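Q: Take a look at the following structure, please.
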Amino acid sequence: MQQEEWRIGLIMSIVRIIQSERALRLFSWLILAMYIVPIFILGEDSPVLIHDNLDGSQVWYTLLIESGVDWFSFGGVSNGVMLDYPRDALPSELSVITILFLLFAPFNAQAINFSLIHIFAFLGMRRLLMNSGFSKDQPIIYYGAALAFALIPFAPNGGLTVAGMPFAVSAFISFREERQSMNDWLILILLPFYSSFIIGFLFLYIVAFGVILVDKFRKRPVYWPSIALGTISVIHLFTMIRLFYLVYGPADFVGNRSERLFHVDGSLTSSFIATLDFAGRHFFLGYYHAPSEHTVFIGIAIFFALQTIILQRKTPIIQKSSMIIAFNAIIITATSLWFVFGWGPGIYPLWVSILGISCAIAYSEISQNPRSPFDFSKLAPNSGLLLSLISSSFIISTWYGFWGKFSLFQSAKNSVSILGAIDFGRFFFLQPMIWSVAFFVSLRMILDFGKHSENDLHLKLSNIIVGLLLVSQISHLMTLDDENDLLQPGGIAILVSDDMSFAEFFSEDLFSEIESHLSTEETNPKVVSVGIHPSIASYNGIWSLDQYALMYSIDYKHQFRQIISDELNKNEEIEKYFDEWGNRCYVFSSELWSRNYGRDSMMNTKFSESNFPIEISLNTTALSGMGGTHILSAVEIANYDELGLSPAKVFESNDSPWKIHVYHVE
């Protein structure tokens, strides 16, 4: 008997140690290290996000370092890309990411940036949850929810644009409650240098400004929150001084975005249907530019939390536990089919149920209190907050659907320049934070339900459910390897991913050979690329007339279009892609576009099924007139002789996925 009691006592002691804040903090840092360390272990053999990263921003920093930062000198040009490319269109010297690339080799800068993003995401979310008035009696959900947010596959080129938002919100809450500290001031001052105003933080500031207006209407003090918002906004605008100079400074510069057009397709009815479809998918699944990975386990947590609200009301029909069990079994089974086997309709029962239950609860509260329809104070603790978070995310997705698809908005964007210049649909950059806080609140509600229940079984079940949801979400993020290659993997996923690595993408040894060959034929070679991202040539020191550029001269776009105009005429989709957007100033191939279903046409490796000869219509006279001397093609160009090109010199190696055909413009 004594031995049995000793064993029970030992187990309980171990449980208490595991649940202690010190142990949880240590365990969280251990998991975070397991997520970060693999990128350093593999080095340049690590898979690094290509989309909007290696194909674009990586080479912008490389060009900036090689051509000179030009500290606070405006109006200069950068060599190595396009012609007279404005220095002010490259990243600012006030960016932390720029400093990283100044101090470290390109891959090391990527890896350190990756690490900092996830570390600050963890610290920021933990700070937000700890300092926002929640009860601190269950530290496991604070650390678990913060860790789940930190492991989200944030876009590395955005810095803390998404990952740093909890820091900003926590500081704003402190100023709003007039308990600000030196740390809050440091957040306001430093965060703008490691995040993007125009991509994400602008929309957080709009929400904060709305909160200040509501507080003012309610006679609440707004002096300090106004000071906080003004301080961080002004600093953020200061970090964009080069962009302001480029847009409003040189009188003779007109950017390529001045001709941007937005599709106005179909009738109002068809665009409305497309809007609802787009908004629904965004609400259920999120968006890769600001991934939240909330669809399954966070969704299940919210689903269970909403049920605790109903169960506490003790409605007669709810007393039938068999109905609850059957309902939950159907939802969880369908969700599992979606998650494991990719069965599309499987996700809808869960999220339709979430919306349905949320609406039912909200309607019940509104009908009981019609004078204050949005006052959920009579609900159980945190229930009103959860409903507000769900509603906020739903409104953001709905707004994004209308902004991105509804024909009236597209017409407005074409007519009003400011609406076309700024994507006001990007409130979705707030959603990863919103869903992560909703995850925390849901876990809190599930634990509270079990804690306050008279049934011991409910207490045990609530602890098991919370533990399983935390482990499942964290495990999912540790092993997440997006099949569309639109997310940056981390943790275990980096070790097992078959995505192209940093070293493979840039293939420095192969392109060193190509560069040497080009120099033997021309004293000042300039190239364009076909079937491969031009950033690869630029990274390897080869002057590229084509590029993925956020801003460049409209005159250059018109000049470059002369090279590819006949090829654009073959495919309406790529013609619109270039003419109506044009940030990817590429030599497109209509055949590769069709073979690869769009933008994957720039990733034709020697193993690609689409890698067989193409015929392409290019104006090589216009190319030569811009100084172009060579074409680097990932596939054989069958009609090279008709284009006035020399026979190809082929370069490949065992260590590179590329087989590059080099054609000289004769």
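The values are calculated or read from the model by the stated rules, or taken from the named source; none is laboratory data. All figures in this text were calculated on a predicted structure; none of them were measured in a lab. A quick note on method: Cβ atoms are made from the backbone with ideal geometry, for glycine too, and the neighbour counts reach across all protein chains shown. Quick note on the areas: whole protein, heavy atoms, side chains included, nothing else; ligands and nucleic acids left out. Shrake-Rupley method; radii C 1.70, N 1.55, O 1.52, S 1.80 Å.
Q: With all distinct Cα pairs included, what does the Kirkwood hydrodynamic radius of region 561-643 come out to in Å, to one decimal, could you say?
A: Working: mean 1/r = 0.0754 Å⁻¹.
For region 561-643, the Kirkwood estimate is 13.3 Å.
Q: Find how much the distance from Tyr348 to Tyr597 grows on full extension, using 0.36 nm per residue of separation minus their present alpha carbon separation; answer in nm with one decimal.
A: Details: separation 249, 0.36 × 249 = 89.64 nm, distance 2.72 nm.
86.9 nm is the gain from fully extending Tyr348 to Tyr597.
Q: Starting from the Kirkwood Rh over alpha-carbon pairs, what translational D in µm² s⁻¹ does region 88-131 have by Stokes-Einstein at 4 °C and 1.567 mPa s? Kindly include the intermediate steps, with their values, before the conclusion.
A: On the way: Rh = 11.8 Å.
It diffuses with D of about 109 µm²/s by this estimate.
Q: Here is a further query. If I model a spin label at Met130 and Ser336 as a point 7 Å from the Cα along the Cα→Cβ vector, what separation in nanometres do I get?
A: The two pseudo-label positions are separated by 3.7 nm.
Q: Still on this structure, please answer the following. FRET efficiency for Asp215 and Ile241, Cβ-Cβ distance as r, R0 = 22 Å, nearest 0.05? Let's see the in-between values first.
A: Numbers: r = 31 Å, r/R0 = 1.42.
E between Asp215 and Ile241, to the nearest 0.05, is 0.10.
Q: Still on this structure, please answer the following. Magnitude of the Cβ-charge dipole of the chain, K/R +1 and D/E -1, about the Cα centre, nearest 20 debye?
A: Working: 40 positive and 60 negative charges, 831 e Å.
That gives the chain a dipole magnitude of about 3980 debye.
Q: How much of the accessible area of region 550-627, in percent, comes from carbon and sulfur atoms when a 1.4 Å probe is used? Please report the intermediate quantities before stating the final value.
A: Values: 1550 of 3420 Å².
Carbon and sulfur: 45 percent of the exposed surface of region 550-627.
Q: Further question: If you wrap a convex hull around the alpha carbons of region 472-522, what volume per residue comes out, as a whole number of Å³? List each step's numbers first, then the result.
A: Values: hull volume 4.5 nm³, N = 51.
Dividing the Cα hull volume of region 472-522 by its residues yields 88 Å³.
Q: Against the longest alpha carbon principal axis of the chain, how many degrees, from 0 to 90 and to the nearest 10, is the axis of helix 431-452 turned?
A: It is inclined by approximately 20 degrees.
Q: Related question: Taking Cα atoms, how many degrees apart are the long axis of helix 106-130 and the longest axis of the chain, rounded to 10 and kept between 0 and 90?
A: Orientation of helix 106-130: about 20 degrees from the principal axis.
Q: Compute the long axis of helix 2-19 from its Cα atoms, compare it with the longest principal axis of the Cα atoms of the chain, and write down the angle in degrees, 0 to 90, nearest 10.
A: 50
Q: Taking only the alpha-carbon positions of the chain and ignoring solvent, what does the Debye formula give for the base-10 log of I(q)/I(0) at q = 0.09, 0.10 Å⁻¹?
A: Results for the chain at q = 0.09, 0.10 Å⁻¹ read -0.85, -1.02.
Q: Sticking with this one: Could you rank the peptides 459-465, 297-303 by their average count of other C-beta atoms within 10 Å per residue, with the highest value first? Present the calculation step by step, with values, prior to reporting the outcome.
A: On the way: 459-465: 15.9, 297-303: 24.0.
Ranking, from highest mean packing down: 297-303, 459-465.
Q: A further question follows. Beyond 17 Å, what percent of the Cα pairs of region 185-241 remain?
A: Numbers: 584 of 1596 pairs.
Roughly 37 percent, once rounded to a whole number.
Q: Pull up the DSSP beta bridges for the chain and report the antiparallel fraction as a percent, rounded to 5. Could the numbers behind the result be given before it?
A: Details: 17 of 25 bridges.
The antiparallel fraction comes to roughly 70 percent.
Q: How high is the relative contact order of region 103-170, in percent, counting Cα pairs under 8 Å that sit 6 or more residues apart? Let's see the in-between values first.
A: On the way: 62 pairs, mean separation 32.7, N = 68.
Computed over region 103-170, the figure is 48 percent.
Q: State the answer as a single residue: which of Tyr245, Ile173, Leu550 lies farthest towards the positive end of the charge dipole of the chain, with beta carbon charges of +1 for Lys and Arg and -1 for Asp and Glu, about the Cα centre.
A: Looking along the dipole axis, the top candidate is Ile173.
Q: Any idea how far apart Ile395 and Ile273 come out in nm if each label point goes 7 Å out from Cα toward Cβ?
A: 3.0
Q: How many Å³ per residue does the convex hull of the Cα positions in region 509-661 occupy? Could you put the intermediate results ahead of the total?
A: On the way: hull volume 16.1 nm³, N = 153.
Dividing the Cα hull volume of region 509-661 by its residues yields 105 Å³.
Q: Hey, what number do you get for the chain at 222 nm if only DSSP H runs of n ≥ 4 count, each worth -39500 (n - 2.57), divided across all residues, to the nearest 500? Don't skip to the answer; put the middle values down first.
A: On the way: 28 runs with 382 residues, N = 666.
Theoretical 222 nm ellipticity from helices: -18500 deg cm²/dmol.
Q: For region 373-526, what does the alpha-carbon gyration tensor say about shape, rounded, prolate or oblate, given a ≥ b ≥ c as the root eigenvalues, a/c under 1.5 as rounded, and a/b over b/c as prolate?
A: Details: a/c = 5.23, a/b = 1.59, b/c = 3.30.
Verdict is oblate for region 373-526.
Q: Counting only protein heavy atoms and a 1.4 Å probe, tell me what percentage of region 129-186's accessible area is made up of carbon and sulfur.
A: Working: 1010 of 1820 Å².
It is 56 percent, rounded to a whole number.
Q: Let me ask you something else. Filter the GluC sites (Glu not before Pro) in region 560-609 down to the DSSP loop ones having no more than 15 other Cβ atoms within 10 Å, then list what survives.
A: Numbers: sites: Glu567, Glu572, Glu573, Glu575, Glu580, Glu591, Glu609; in loops: Glu580, Glu609.
Here the GluC sites (Glu not before Pro) that fit, given the DSSP loop and packing criteria, are Glu580, Glu609.
Q: Highest first, please rank the peptides 86-95, 175-184, 271-280 by the mean number of other Cβ atoms sitting within 10 Å of their residues.
A: On the way: 86-95: 20.1, 175-184: 15.1, 271-280: 17.5.
Ranked by mean Cβ neighbours within 10 Å, highest first: 86-95, 271-280, 175-184.
Q: Based on the mean of other beta carbon atoms within 10 Å per residue, what is the order of 584-590, 37-43, most packed first? Walk me through the intermediate numbers first.
A: Numbers: 584-590: 23.9, 37-43: 16.0.
Packing proxy ranking, top to bottom: 584-590, 37-43.
Q: For region 38-165, build the convex hull from the C-alpha positions and give me its volume per residue in Å³. Don't skip to the answer; put the middle values down first.
A: On the way: hull volume 15.2 nm³, N = 128.
It is 119 Å³ per residue.
Q: Holding the Cα-Cα limit at 18 Å, pick out from Lys405/Lys570; Lys570/Lys606; Lys526/Lys649 the pairs that are longer than that. Before the final figure, lay out each step's value.
A: Working: Lys405/Lys570 26 Å; Lys570/Lys606 25 Å; Lys526/Lys649 16 Å.
In this structure, Lys405/Lys570; Lys570/Lys606 exceed 18 Å between Cα atoms.
Q: Separate question: Might you tell me the accessible area per residue for the chain, computed with a 1.4 Å probe and given in Å²?
A: Details: 30200 Å² over 666 residues.
Ligands and nucleic acids excluded, the result is 45 Å² per residue.
Q: A further question follows. Which is farthest toward the positive dipole end of region 49-166 among Ile117, Trp71, Ile140, measuring Cα position about the Cα centre, with Cβ charges +1 (Lys, Arg) and -1 (Asp, Glu)?
A: Farthest towards the positive end: Ile140.
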